[in-house]
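Inspection log for the structure reproduced underneath, given as structure tokens.
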Amino acid sequence: TVWVRCMQSSGINAEYGATGVTKMERAKVALIQFCLSPPKTDMDNQVVISDYTQMDRILREERAYILDLCKKIKKSGANVILIQKSILRDALNDMALHFLTKMKVMVVKDIERDEIDFISRTLGCRPIASADHMMPEHLGLADLVEEVHVGGGNKVVSITGCQSTARTCSILVQGSNKLITEEADRSIHDALCVIRCLVKNKNMIAGGGAPETELSIKLSQYAATLSGIESHCIKAFAESLEIIPFTLAENAGLSPINIVTELRNRHSLGEVYAGINVKKSCITNITEENVLQPLLVSISAISLASETVRAILKIDDIVNTR
């Protein structure tokens, strides 16, 4: 099932409640990236009309232009069109909507650009950039496209029975206000990133700042066996790793200095799984609390931070420009 986050469907506006096609069975879906409105000039120009005949001619040309676009859409066999949102001009005007409604074509406008790839893969259709490219092989197939109410006076367009083999999924998030939905969106995104890390690397390590603290102690011990500039570099690298438990304690409302000092002391005594327990506000065996994190997360964080420092160290001089 594809849930299109769009509140308008063939003239059905969630706020004004206009009439139009709201349901289409055995749908042939076209994903278009061109506008169904009169074209504009490349530069900002003004056209001065002196009499009514000139006005009438302009209106006839606009009508003929839009009608030709609508006929090409209908000729391709599409009965549902998804229109990408445009910032240059109106993606759909009232005249085009009138023609498409009479042709029994369902319209969903204001599709965001970042949703184009997902929709095209899910429906098995191809984004169409011009009306001349409206062909049956570029359309996607679905059993049902309809506008449904999801509570609170909101409406979304549901596309079910997609005949594409793409393995995609849609998640519909609802909340009492925008802040709650955005927070839920971030939480879902974080959870999906964790799953992605586990798919790439199935290894898990303890959380709560335990691995960073243990690694910092081991590097400090190794730095003591060296001499010269290498010893200073490794020791500084070891000290930088303590920023992870320090920040974790600070975000939990604990005393960062006391927590990091105790954590370092516990690891020095051989408690390699000792970590910051946010719920109990103390240092405990973090594996017994089932606080784990993917190994790939720590590897990526340390690798990217190291690459950034190396890039900064390669800078010889800074040239000020105005």
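The values are calculated or read from the model by the stated rules, or taken from the named source; none is laboratory data. Keep in mind that what you see is a predicted model, and the values were worked out from it rather than measured. To get the accessible areas, we keep the full protein, side chains included, count just its heavy atoms, and leave off ligands, DNA and RNA. Shrake-Rupley method; radii C 1.70, N 1.55, O 1.52, S 1.80 Å.
Note that the range 46-52 has calculated 3J(HN,Hα) couplings of 10, 10, 9, 9, 9, 9, 6 Hz, one per residue in order, obtained from phi through the Karplus relation 6.51 cos²θ - 1.76 cosθ + 1.60 (θ = phi - 60°); glycine and proline are x.
Summarised as an ellipsoid, the range 23-176 has semi-axes of 32, 18, 15 Å, derived from the eigenvalues of the Cα gyration tensor scaled by 5 and square-rooted, with the largest first. Rounded to two decimals, the Cα-based Rg/Rh of the range 78-122, with Kirkwood Rh, is 1.01. Taking all protein chains together and rolling a 1.4 Å probe, Asp317 ends up with roughly 120 Å² accessible. If one puts a single equal scatterer on every Cα of the chain and applies the Debye formula without solvent, what log₁₀ I(q)/I(0) results at q = 0.07, 0.09, 0.10, 0.16 Å⁻¹? Ignoring solvent entirely, the Cα scatterers give -0.53, -0.73, -0.80, -1.24.
Taking all protein chains as they are arranged and a probe of 1.4 Å, the heavy atoms of Phe237 leave approximately 80 Å² accessible to solvent.
If you run the Gaussian network model on the chain, springs between alpha carbon atoms under 10 Å, then out of Arg113, Arg310, Arg26 the most flexible one is Arg310.
For the range 305-316, 3J(HN,Hα) computed residue by residue from phi via the Karplus equation (6.51, -1.76, 1.60; θ = phi - 60°) reads 5, 5, 5, 5, 5, 5, 5, 5, 5, 7, 6, 7 Hz, glycine and proline entered as x.
Apply the a/c threshold of 1.5 to the C-alpha gyration tensor of the range 175-230 and tell me whether it is rounded, prolate or oblate. The shape class here is prolate. Just how much of Asp68 is accessible, in Å², when a 1.4 Å probe is used and the result is rounded to the nearest 10? Its heavy atoms expose roughly 70 Å² to the probe.
For Lys75, Lys104, the ranking by accessible surface with the largest value first comes to Lys75, Lys104, using a 1.4 Å probe. A quarter of the convex hull surface defined by the alpha-carbon atoms of the range 95-228 gives 16.2 nm² as the mean projection.
Ranked from largest to smallest solvent-accessible area, with a 1.4 Å probe on the protein heavy atoms, Asp94, Asp44 come out as Asp44, Asp94.
Please list, short to long, the whole-number percent of alpha-carbon pairs of the range 197-283 in consecutive 10 angstrom bins beginning at zero. P(r) for the range 197-283, in whole percents per bin: 18, 42, 29, 10, 0.
May I ask for the percentage of alpha-carbon pairs in the range 116-177 that lie more than 20 Å from each other? The calculated P(r) of the range 116-177 puts 40 percent of pairs beyond 20 Å. Computed from phi, the 3J(HN,Hα) profile of the range 75-91 under the Karplus parametrisation 6.51, -1.76, 1.60 (θ = phi - 60°) reads 5, 6, x, 6, 10, 9, 10, 10, 9, 5, 5, 10, 9, 7, 7, 4, 5 Hz, with x in place of Gly and Pro. Rounded, prolate or oblate, given the Cα gyration tensor of the range 47-86, with a/c below 1.5 counting as rounded? Cα axes put the range 47-86 in the oblate bin. Overall, the accessible surface of the range 189-240 at a probe of 1.4 angstrom is composed of carbon and sulfur to the extent of 63 percent. Under 1.5 on a/c is rounded, so check that first for the range 58-107, then, if it is not, pick prolate when a/b is larger than b/c and oblate when it is not; a ≥ b ≥ c are the square roots of the alpha carbon gyration tensor eigenvalues. In terms of gyration-tensor shape, oblate. Based on C-alpha pairs under 8 angstrom that are at least 6 apart in sequence, the chain has a relative contact order of 17 percent.
Taking every alpha carbon pair in the range 211-252, what does the distance histogram look like in 5 angstrom bins from 0, in percent? Bin by bin from 0 Å, the calculated values are 6, 27, 26, 17, 12, 7, 4, 1.
Over the Cα atoms of the range 22-82, the radius of gyration divided by the Kirkwood radius equals 1.13; this is the Rg/Rh ratio.
Which residue fluctuates the most in the chain, going by a Gaussian network model with Cα springs under 10 Å, if the choices are Met134, Met43, Met103? Highest fluctuation of the listed residues: Met43. Once the chain from Val194 to Asp317 is taken as fully extended at 0.36 nm per residue, the excess over their C-alpha distance is 40.3 nm. What percent do you get for the relative contact order of the range 116-257 when only Cα pairs under 8 Å and 6+ apart count? In percent, rounded to a whole number, it is 14. Within the accessible area of the range 17-170, the carbon and sulfur atoms contribute 50%, probe 1.4 Å, all protein chains present. If the convex hull of the alpha-carbon atoms of the range 266-322 is projected onto planes in all directions, what is the mean projected area in square nanometres? With the hull built on Cα positions only, its mean projection is 7.6 nm². Ordered by solvent-accessible area of protein heavy atoms (1.4 Å probe), largest first, the residues Lys23, Lys279 come out as Lys279, Lys23. A 1.4 Å probe run over the protein chains yields, for the chain, 65 Å² of accessible area per residue, whole-number rounding.
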